[in-house]
1. Quick one: would you say Ala98 is open to solvent by less than 10 Å² (accessible area, probe 1.4 Å), in contact with a strand residue (DSSP E or B) (Cβ under 9 Å, 6 or more places away or on another chain) and at pLDDT 90 or above?
2. Within the set of pairs 6 or more residues apart or between chains, which connect a residue that is closer than 16 Å to Glu286 by Cβ inside region 249-261 to a residue that is small (Gly, Ala, Ser) with Cβ atoms less than 7 Å apart?
3. Here is a list: Pro414, Pro410. Which entry is within 14 Å of Lys375 (Cβ to Cβ), touching a residue at least 40 places away in the same chain (Cβ under 8 Å) and in a strand (DSSP E or B)?
4. Among Ala138, Ala121, Ala115, which is the only one that is crowded, with 18+ Cβ neighbours inside 10 Å, out of contact with any helix residue (DSSP H, G or I) (no Cβ under 8 Å at 6 or more places or on another chain) and of a type in the set (Gly, Ala, Ser)?
5. Mind counting the residues in region 241-266 that are among the aliphatic types (A, V, I, L, M) and open to solvent by 10 Å² or more (accessible area, probe 1.4 Å)?
6. Taking strands (runs of 3 or more DSSP E) that do not extend beyond region 417-465, which have at least 3 residues that are at pLDDT 90 or above and more than 24 Å from Asp526 (Cα to Cα)?
7. Here are some residues: Leu151, Leu219, Leu190, Leu223. Which one is closer than 20 Å to Leu43 by Cβ and modelled with pLDDT of 50 or more?
8. Kindly indicate whether Ser164 is open to solvent by 10 Å² or more (accessible area, probe 1.4 Å), modelled with pLDDT under 85 and over 28 Å from Pro198 (Cα atoms).
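The values are calculated or read from the model by the stated rules, or taken from the named source; none is laboratory data. The structure presented is a predicted model; accordingly, all values stated were derived computationally and were not measured. Backbone-built Cβ (ideal geometry, glycine too); neighbour counts: all protein chains shown. These accessible areas exclude ligands, DNA and RNA; they are computed on the full protein's heavy atoms, side chains included. Shrake-Rupley method; radii C 1.70, N 1.55, O 1.52, S 1.80 Å.
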Amino acid sequence: MSVTTGARLGPYEILSPLGAGGMGEVYRARDPRLDRDVAIKVLPTAMALDRERIARFEREAKVLAALNHPNIAAVYGFEEHDGKRLLVMELAEGETLADRLARGPLPIDECLYVARQIAEALEAAHEKGVIHRDLKPANVKLTSDGDVKVLDFGLAKAMAGDTSSPSISPTEVAQSPTITADFTRPGVILGTAAYMSPEQARGRSVDKRTDNFSFGCLLFECLSGGRVFAGETATDSIGAILHKEPEWALLPPSTPPTIQLLLRRSLAKDRNKRLRDIGDARIELENAAADPTSSMLRLGNAALAAERDAGRRGPWRILVPWGLCATLAGLAALLWFSPQPAAPPVVRLTLSMPPNQGLIGFAGLRMDISPDGSKVVFVGRNDSSRQLYLRNLHQLDAVPLANTDGATCPFFSPDGQWIAFGQRGKLRKVSVLGGPSTVICDAVEIRGGSWGVDGTIVFAPNPRSGLWRVPAAGGEPIKLTDAGSGDDDQSHRWPHILPDGKTVLYTVAPNSSDYTDAKIVALSLDSGVQKVIQLGGTYSRYASSGHIIFGRADTLMAVPFDLGKLEARESATPVLEGVFTAPTFGGLEYALAQNGTLVYTGASAGRDDQWPTWIDRDGNETAITQHRRQYNDVRLSPDGTRLAASIMDGGNLDIWILEIERDSLTRLTTDEAVDNNARWSPDGKWVIFSSNRGKSNHNLFRQAADG
């Protein structure tokens, strides 16, 4: 410290040093004129000699002095005494947040209280056009009254261009409020390395979203007790910020899901995808502090209690999360014919799914529910592609999971903390908290998977290769079943590991496109012994009530099941009709949690109907036809008068021809097979397509375009 205790700087008497950093030295001082203690920041000598920068700093100080908020340490004045430039500020008594975090993470309630006040301070400053640029725990004071004071607002901008700081150690650089590094020229890095936004670390222009990123870093550290982007040196920290994802597993399990979502939004590396307004964070923090569960869930529980008190009893609890897309049903007592002394009442709720997140893909490959029934993962639209979305059921919105573009067939781990999925010929997994995905093994065209309690995954890597087994941690898959080949080939798919972790249910069909005569088989993972437990069914799941649920056409069936003997005890009974299905695919769109919660898509809601559309060079769209169907792989004839497309109708996928001028839609193929991928011959007289007719593998066929 260059100013000694007892010295005077103009009217101010220096009482004690408070700290020092790249922005100057800070002292506790007495202002005898107003009979109060103040904090005085003595600016670096190099800056005090630079008239242009002093003028800029003075302008910034005037703006900061206009900030009047209880959570912002006030600026009283910018003065000069004995050749020293002084910034006179409000003295915030108490320890810094950095001092508090040195003792460990904050409890959830305290963290929410502190973070909310920081967000309020940022919100007030941003409304005045002031950006902090150096938000970190050392710049947050926790007063003796339990309040928060944010220090040094806007000073990083005022310090821009300071390249004269003496050499300091790497550890000091990581803590420094102003960093200038030669490797960033012509850009200048301003801020503390561990709390910088990616654009700040690259020396690019910044806006209020930079503060939002730093706020996310600070909130993560308050919850976890460790820095989200830690590094031994400033370079290490910057590298982590630019290239690494947060270790979401470091967050305490009690972190409210809304706060986990807030962190993901705040810490997005692309600022165009980052939280835009800190006021939104303040609202989420207030809601989480007032009630960790949402009002929707609270009202749902109240409704259940009211019906229970009224003495009404029913076989189903049903929640509907996606309006026109899906229904979520909680089966507290799965079947009315199973004796239940106190079955919960029927409850049905409808929530809308945004149009741009509609389900995409085939039935059976689009969604799953976590074992505890609290989360749903689904394959949704992402512009022209698709990706995984995670919906915590007490929240209103689904959250996209990064690095899952092109995903299919998601399924949860037994603890609900991981999601396995297929992606571009690989079986991968990703944390429900986000972050990078990890390759487990190859899986060409996955047709179902299940994650056992022992860390084993059983999956169908493609339609005709049988079932395989692989450790969830990754490794070389081991083949479990042989689906045959040639005319004797079968389809083995939709595995489901039973609670014992030693047995897997799966579907066996005579071929890969006809599931009318499919059967459900139980396979022992220890001995390899197989046992048929149900004829005429597909896509089976075990319910905690002691039933096997499976699909037959568009109906969910249930049959009482003896886990010990692996056999059905009675005949199957229909329990839910109108479930979306893909008949030639063998999949039904439903998933069942261990607590009895069922998520499914209704048959009419699951259709992805649309019109083929002309788009001109100006972007204007005109519907080609009024025949609304599920058109797949649309192809225009060489003369532009007809369309060929594969359309599912009556449980069969066939090639159809649309005469555009007459708006006439006609079925071209009628075989009970999968006919798709139509192409026109150059003269327009023939349609060439792929088909598995004759129960063979897919081959190429052609048919005259006029039928």
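1. No; evaluated as a whole, the condition is false for this residue.
2. From region 249-261, the pairs are Pro256/Ala288; Thr258/Ala288; Ile259/Ala288.
3. Numbers: Pro414 fails: in a strand (DSSP E or B).
The conditions single out Pro410.
4. Residue meeting the stated conditions: Ala121.
5. 5
6. Details: elements: 418-423, 426-431, 438-442, 449-451, 456-459.
In region 417-465, 418-423, 426-431 are the strands (runs of 3 or more DSSP E) which contain 3 or more residues that are at pLDDT 90 or above and more than 24 Å from Asp526 (Cα to Cα).
7. None of the other options fit; the residue is Leu151.
8. Details: open to solvent by 10 Å² or more (accessible area, probe 1.4 Å): yes; modelled with pLDDT under 85: yes; over 28 Å from Pro198 (Cα atoms): no.
Here the answer is no, as Ser164 does not meet what is asked.
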